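Notes for the one structure printed next.
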Amino acid sequence: MKLPGNMRNISIIFITFSSFMYIGTDALVASNSIQTTTKCEFYNQSMCANPDDPKCHDIEDCDRQDDGKRSHCFVLWSENEHGVINISLKGCFLNSEECYNKSDCVARVTKPDKYLFCCCEGNMCNQNFKWILSPTETPPMSTAIPAIPPDSISVVEVAIIILVLFMLLFMIIVCYVWYRRNKVFNELPTSDPSPLPPPSPYLDLRPIQLIEIKARGRFGAVWKAQFKAEEIAVKVFPVQDKQSWITEQDIFKLPHMNHPNILSYIGVEKHGDNLQSEFWLLTAYHERGSLCDFLKAHTLTWAELARVAETMARGLMHLHEAIPGKSPGESMKPTIAHRDFKSKNVLLKSDLTACIADFGLAIVFEAGKTCGDTHGQVGTRRYMAPEVLEGAINFTPDAFLRIDMYACGLVLWELVSRCTAQEGPIPEYRLPFEEEVGQHPSLEDMQESVVQRKVRPVIQEHWRHHPGLAGICDTMEECWDHDAEARLSASCVMERVMQLNRYQPTSLGLRIENDKSLTQFKEISM
């Protein structure tokens with residue numbers, strides 16, 4: 001049956017919009033089949049001297065995403081003409097539409113390129129990857145929209161159709177621009193649009209020679225480096241951890257951060273372009289390394305323990321304090337919570353005084369402003385406070401400072417466990433909770449032990465036979481109290497250690513230098 005001209009035109013327009021609705025329905029169905037990604041295979045070529053070493057390959061836990069955003073896995077690699085594959089990076093990748101609903105990590109390219117990149121959704125989906133050639137021209141649609149005979153449409157109808165199409169196109173462009181401006185995600189950049197920070201004095205005095213890797217961490221590798229006649233440390237961040245590089249230098253540049261128990265900042269550099277970019281953080285170099293590594297190979301006398309504990313607490317106190325400017329108009333130092341405090345992030349100077357490092361997860365609390373943090377479950381699982389493990393953080397400055405103090409109690413336990421002042425043989429170094437949950441605990445393991453069973457590292461009875469160590473044991477117990485509000489502050493820990501260090505052993509037991517010290521210690525202990 002032949003329809004009248006106007007009815008035929010309406011039918012054609014209806015078919016067109018039906019096609020759009022069909023495509024939209026497919027997109028909705030696809031969006032409902034989201035594969036949640038929580039774990040990805042991790043590899044960083046810049047952190048591994050030998051790629052075949054199984055220790056170079058790890059499992060990365062992806063950060064939990066908010067507001068409908070999703071996590072993915074990714075692989076960045078190159079392949080020569082002989083088919084030899086060279087992997088550069090593997091790991092978690094934050095929300096990107098390019099990765100939606102892809103269960104396989106496949107790079108689709110129109111021609112072989114120097115670097116290949118793919119991403120996917122689903123746990124460990126980046127273990128296997130490949131690339132395939134895609135056609136340069138888009139194949140024609142199998143079902144074409146029927147053409148409209150020109151003689152059956154009036155000029156007015158053509159104008160209306162064109163106007164409607166332009167309005168739809170305009171609305172799509174407006175929605176897309178709004179979406180891009182309001183969407184917050186961290187993707188691998190193809191360029192570096194963000195300005196670099198002001199150059200430090202060292203940037204124009206190259207070359208800096210990287211000598212050897214001294215440590216590897218979550219955000220990159222730390223190198224011993226040579227600048228002229230001076231040894232410095234260079235922390236190298238891969239491109240996906242650029243935000244941590246920015247966070248660290250922003251913390252170092254805050255007023256009054258130059259402190260003997262805070263790692264000394266030198267400057268920053270950027271090397272390479274695009275996906276091969278590296279971001280360098282230049283700091284002072286300390287040969288003794290981290291407290292964790294030092295305790296693995298060395299023991300401490302009581303005097304050395306007291307020196308490390310006092311200076312560590314002094315650095316943490318400085319970090320936590322809000323310090324006003326010394327003169328009118330001078331900026332104040334805000335309160336800073338470390339959020340990843342542990343023995344790996346405490347460095348030892350040559351005189352065994354401590355300085356605090358690694359501010360990639362630190363958070364700043366400026367007066368009159370909210371912290372702006374929407375995800376509090378960060379840090380190293382082994383050192384997470386109970387409220388962090390169960391996701392019940394009160395987002396206030398005091399709450400975050402108490403989380404640091406819980407971890408400080410665990411570091412004090414590590415110090416005492418390797419102190420020669422205890423009676424009997426000194427045990428091999430162990431991380432906190434290593435006996436209880438092993439070397440690689442899951443979040444569920446820590447939740448069960450710390451939150452549900454309220455387990456803490458074992459304090460040996462013979463530690464308390466030395467009055468100084470006994471005082472440290474009491475201090476660590478008050479630091480890791482399950483009730484966050486009952487925990488000691490960093491200033492209180494520092495004062496306690498100072499008073500405990502005044503103890504002098506005698507043949508009759510222990511002597512305090514004067515009665516005033518005893519009174520002060522009792523007041524601190526109350």
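The values are calculated or read from the model by the stated rules, or taken from the named source; none is laboratory data. Worth saying up front: this structure is predicted, and the values here are computed from it rather than measured. Glycine gets a Cβ as well: all are built from the backbone with ideal geometry, and neighbour counts include every protein chain shown. Just so you know, the surface numbers come from the protein's heavy atoms only, side chains and all, with ligands and any DNA or RNA stripped out. Shrake-Rupley method; radii C 1.70, N 1.55, O 1.52, S 1.80 Å.
Okay, here's what the table says:
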{"item": "Qualifying residue in the stretch 446-459 (condition: in contact with a strand residue (DSSP E or B) (Cβ under 8 Å, 6 or more places away or on another chain) and under 27 Å from Glu310 (Cα atoms))", "result": "no"}
{"item": "Failed item in (1) at pLDDT 80 or above; (2) under 29 Å from Lys214 (Cβ atoms); (3) of a type in the set (Gly, Ala, Ser), with Ala107 passing the rest", "result": "(2)"}
{"item": "Residue satisfying all of: in the stretch 381-402; open to solvent by 10 Å² or more (accessible area, probe 1.4 Å) and touching a strand residue (DSSP E or B) at 6+ places or on another chain (Cβ under 7 Å); farthest from Trp480 (Cα to Cα) among these", "result": "Pro397"}
{"item": "Test: residue in the stretch 270-277 that is closer than 22 Å to Lys344 by Cα and either at pLDDT below 95 or under 21 Å from the mean Cα position of the chain (by Cα) (or both)", "result": "no"}
{"item": "Qualifying residue in the stretch 299-313 (condition: assigned to a loop (DSSP other than H, G, I, E, B), crowded, with 21+ Cβ neighbours inside 10 Å and at pLDDT 95 or above)", "result": "no"}
{"item": "Residue match in the stretch 416-436 (condition: under 19 Å from the mean Cα position of the chain (by Cα), crowded, with 23+ Cβ neighbours inside 10 Å and part of a helix (DSSP H, G or I))", "result": "no"}
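Residues are listed down the side, and each one gets a yes or a no for (1) over 28 Å from the mean Cα position of the chain (by Cα); (2) over 24 Å from Gly424 (Cβ atoms):
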site	(1), (2)
Val455	no, no
Val458	yes, no
Arg464	yes, no
Pro467	yes, no
Ala470	yes, no
Thr475	yes, no
Cys479	no, yes
Ser491	no, yes
Arg496	yes, yes
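Okay, residues lined up against (1) touching an Asp or Glu at 6+ places or on another chain (Cβ under 8 Å); (2) surrounded by fewer than 18 Cβ atoms within 10 Å (Cβ to Cβ); (3) over 23 Å from Gln377 (Cα atoms); (4) not aromatic (Phe, Trp, Tyr):
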site	(1), (2), (3), (4)
Asp61	no, yes, no, yes
Lys69	no, yes, no, yes
Asn101	yes, yes, yes, yes
Arg108	no, yes, yes, yes
Asp113	no, yes, yes, yes
